[in-house]
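Reviewing the structure listed below.
Rule-based calculations on the coordinates, nothing more; no lab input. Given the structure is predicted, the values throughout are model-derived calculations rather than measurements. Cβ atoms come from the backbone with ideal geometry, glycine included; neighbour counts cover every protein chain shown.
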């Protein structure tokens, strides 16, 4: 039998009593609203009277009010110890009260009686009397019932058990615990501590964090990496804490973890993404079967509010960056204007409405994989309205013209973009059997401009510097330049409702190895 | 009383002292370009002025590979070891 946990509990006189350090001890767990516990009170009194002067006899009650009531009703000569925190009962694995435990040296349990079985209690009393060489307890055994079932211990009550499990030694959570005073409002407290993005947070209590961790099979202490700018160590537990605050369900946690892992890569460069004055933000796209399983929105309003998974997964990632990485506006987060995507931006691709390869397949994953892809975007979704084009080349032409504005109409070879094509636009493109490659090509074709049009002029000093242009010959100035350095810099996904001819474009930040490269991670479930 | 779990990295920041400021610029001066547009223009001008006004000073140009990421540790070490002063051109 297991060792009984060490404890220091207060008795009814307010004295702290330590767990026994003796060759033998008798400990009984009771609670006041249990009829069997009341029935054994005289038995415990007789045990205490006989054995209490030779070995420690501790009676542990599970509610402080109940302990006082029992003392008043039975006037025992022992003082009931207060385990209203239930931590001793939980650690001792007490499922039923009364449970009578006899321990030997080292607090090993040598005997454990659950409920009241007269024969067992009597045998224990007789044996102990012999061992201790004292008279047997004075009890009218025949008057006692042969058997009484015990009652459920409060430590296994569903109202208490998750909290106790989270607080117990051996719990997988290790983060610093912060006690919020009973007079303090916990939501206000979290605002004051700077944990929040400006909206209220769900308090990450140990039981909520433990429940969140049930969403993954991974070890809570596994280190995912170091988050810039403070290079804070990101453990699965820290992600779970921030996911609780963001409002996630445990089943979202694998998506949050994969997104955080993507953000932690050197390619993604979260340091630059947060520090830039341009106001860049992660944009998270989820693919694969997990979309349906966790109820993500990929249809009507997919990029907007109203869906818990979309909203809280994106928020959780941002809170990890803020709280573990330390990127806070005004400190190392230096965005000039800020950006509403900095609260959250996460959605799923409507793969079933996508006639082409979905994003994750295009990026080398199997269709049945669940994958998260994180982009860095500075604005969006910017709508490109086209309710009139009836051919693919016209519609793709409109999209190309719209994308010419990314980062500025003369910013060529400057960045990437994420184009979210809506179902009605998909249908128009498919009328002419357009592939994704056709769409990209047409966008590049329509948005291409001769170099001379991109030179700084009296209307705008952006674009190619005049001094550079002066060194070019006529043929070079006539050369056509595509908007995007490579066709693959136009990332394409499908989402949105069946009605509406407005595709959306997210505009990229500095792309490539000098900025941020989109990163995909398989979601481990 | 509610107990919550700390969502931060739980680090207490180290308080660092500023290096004492010398009264005169002597020895070796690093001119660091973070690779943002026009940073080099500022450093070119500075280099010219410093070379004229402080002929005894050794000026060395350095550049970060990209402005969007922290300087690589090797570059930081090199600048630290080989210089007494650093002038960094931050942005456009």
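Between the stretch A:60-88 and the stretch A:464-505, how many Å separate their Cα centres?
That distance is 77 Å.
Provide the FRET efficiency to the nearest 0.05 for the residue A:73-residue A:138 pair, computing r from the beta carbons and using R0 = 22 Å.
0.60
Counting other beta carbons within 10 Å of each Cβ, put A:395, B:75 in order, fewest first.
Placing the least packed residue first, the sequence is B:75, A:395.
For the protein assembly as shown, which semi-axes, largest first and in whole Å, follow from the square roots of 5 times the eigenvalues of its Cα gyration tensor?
68, 33, 17
Can you give me the angle between helix A:118-132 and the longest principal axis of chain A, using Cα atoms only, in degrees from 0 to 90, rounded to the nearest 10?
Around 70 degrees separate the two axes.
Which whole-number percentage describes the relative contact order of the stretch A:281-385, with Cα contacts under 8 Å and a sequence gap of 6 or more?
The normalised contact order for the stretch A:281-385 reaches 49 percent.
Given axes a ≥ b ≥ c from the Cα gyration tensor, I'd like to know whether the stretch A:169-311 is rounded (a/c under 1.5), prolate (a/b larger than b/c) or oblate.
Rounded is the answer for the stretch A:169-311, as its axis ratio a/c remains below 1.5.
Order of A:257, A:403 from fewest to most other C-beta atoms within 10 Å?
Ordered from fewest to most neighbouring Cβ atoms within 10 Å, A:257, A:403 come out as A:403, A:257.
FRET efficiency for residue A:363 and residue A:221, Cβ-Cβ distance as r, R0 = 30 Å, nearest 0.05?
Efficiency for this residue pair is about 0.50.
Size of the stretch A:1-44 along its principal axes in angstrom, Cα-based, largest extent first?
Reported extents, whole Å, longest axis first: 30, 30, 16.
Multiplying the sequence separation of residue A:15 and residue A:93 by 0.36 nm and subtracting their Cα-Cα distance, what value in nm do you get?
25.6 nm
Given Cα pairs under 8 Å that are at least 6 residues apart, what percent is the relative contact order of chain A?
Result for chain A is 13 percent.
For chain B, modelled as a GNM with alpha-carbon contacts under 10 angstrom, which of B:18, B:43, B:32 fluctuates the most?
B:18
Give me the percent relative contact order of the stretch A:153-227, please, defined on Cα pairs under 8 angstrom at least 6 residues apart.
Here the relative contact order equals 35 percent.
Quick check on the protein assembly as shown: helices-only [θ] at 222 nm, where DSSP H runs of length 4 and up contribute -39,500 (n - 2.57) each and the sum goes over total residues. Nearest 500, please.
Value at 222 nm, helices only, nearest 500: -9000 deg cm²/dmol.
Run the simple label-point estimate for residue A:385 and residue A:122 please: 7 Å along Cα→C-beta, distance reported in nm.
Those two pseudo-labels are separated by 9.2 nm.
So how do A:501, A:238, A:471 line up by other beta-carbon neighbours within 10 Å, fewest first?
Fewest to most other Cβ atoms nearby, the residues stand as A:471, A:501, A:238.
Using only Cα atoms, find the angle between the long axis of helix A:308-323 and the longest principal axis of chain A, and express it within 0 to 90 degrees, rounded to the nearest 10.
80
D for the stretch A:8-167, whole µm²/s, Stokes-Einstein with Kirkwood Rh over alpha-carbon pairs at 37 °C and 0.692 mPa s: what number?
The estimated diffusion coefficient comes to 208 µm²/s.
Using a simple spin-label model with points 7 Å from Cα along the Cα→Cβ vector, what separation in nm is obtained for residue A:476 and residue B:35?
Using points 7 Å along Cα→Cβ, the separation is 2.3 nm.
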